Amino acid sequence: MGEPEIRKIIRETVLATVKELQQRRANFENEEMIYRTTGDKLTAYFAAVSDDDALEEALEQVKGDRYFSILTDYYGRFMSIADISRKLNVDKRTVHRNKKRLCLQLFGIMEENTKR
């Protein structure tokens with residue numbers, strides 16, 4: 001294999017890597033936007049400022065989740081992550097991870113329900 005072929009392979013590899021990294025960043029930024037938006041909806045819902053039927057239906061679907069109380073404690077009772085972690089006897093990272101997971105899950109359920 002000559003130098004031109006090697007350069008071509010290197011160039012293609014670099015371009016593919018850059019494209020993949022750009023896609024991952026776009027996915028991450030989209031996920032963060034969804035997470036913040038869902039958090040805002042939950043805050044309004046639990047404060048009884050919003051009567052969101054789609055959110056209420058999605059909450060009903062995740063109510064059985066082991067960490068569901070994180071949502072009601074954080075967005076409804078305004079408890080801190082540290083207080084919730086003490087209440088559940090778990091690490092603060094577990095609270096963060098499951099709060100985000102549930103918010104993203106709620107968004108997915110709401111999106112799916114709007115397609116019906």
In the stretch 71-96, the residues that are of a type in the set (D, E, K, R) and either within 19 Å of Y35 (Cβ to Cβ) or not in a helix (DSSP H, G or I) (or both): D73, R77, D91, K92, R93
Top-ranked residue in the stretch 1-55 [being among the basic types (K, R) and at pLDDT below 75; ranked as farthest from G76 (Cα to Cα)]: R11
Any pair with Cβ under 6 angstrom, 6 or more apart, that starts in the stretch 51-70 at a residue that is polar (S, T, N, Q) and part of a helix (DSSP H, G or I) and ends at one that is surrounded by 11 or more Cβ atoms within 10 Å (Cβ to Cβ) and at pLDDT below 95: Q61/I109
Enumeration of residues in the stretch 42-68 that are buried (at least 16 other Cβ atoms within 10 Å of the Cβ) and either touching a Cys at 6+ places or on another chain (Cβ under 9 Å) or over 15 Å from Q105 (Cβ atoms) (or both): L42, Y45, F46
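Going by what's in this entry, would L102 be described as within 22 Å of N113 (Cβ to Cβ), surrounded by 10 or more Cβ atoms within 10 Å (Cβ to Cβ), at pLDDT 85 or above and touching a Cys at 6+ places or on another chain (Cβ under 8 Å)? I'd like the intermediate steps shown before the answer.
Details: within 22 Å of N113 (Cβ to Cβ): yes; surrounded by 10 or more Cβ atoms within 10 Å (Cβ to Cβ): yes; at pLDDT 85 or above: yes; touching a Cys at 6+ places or on another chain (Cβ under 8 Å): no.
Spelling it out, it is not the case that L102 is within 22 Å of N113 (Cβ to Cβ), surrounded by 10 or more Cβ atoms within 10 Å (Cβ to Cβ), at pLDDT 85 or above and touching a Cys at 6+ places or on another chain (Cβ under 8 Å).
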Long-range neighbours under 9 Å by Cβ, at least six apart or interchain, first residue of a type in the set (D, E) within the stretch 1-14, second part of a helix (DSSP H, G or I) and surrounded by 10 or more Cβ atoms within 10 Å (Cβ to Cβ): none
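The values are calculated or read from the model by the stated rules, or taken from the named source; none is laboratory data. These numbers come from a predicted model, not from an experiment. Counting neighbours? That spans all protein chains shown, and the Cβs are built from the backbone with ideal geometry, glycine included.
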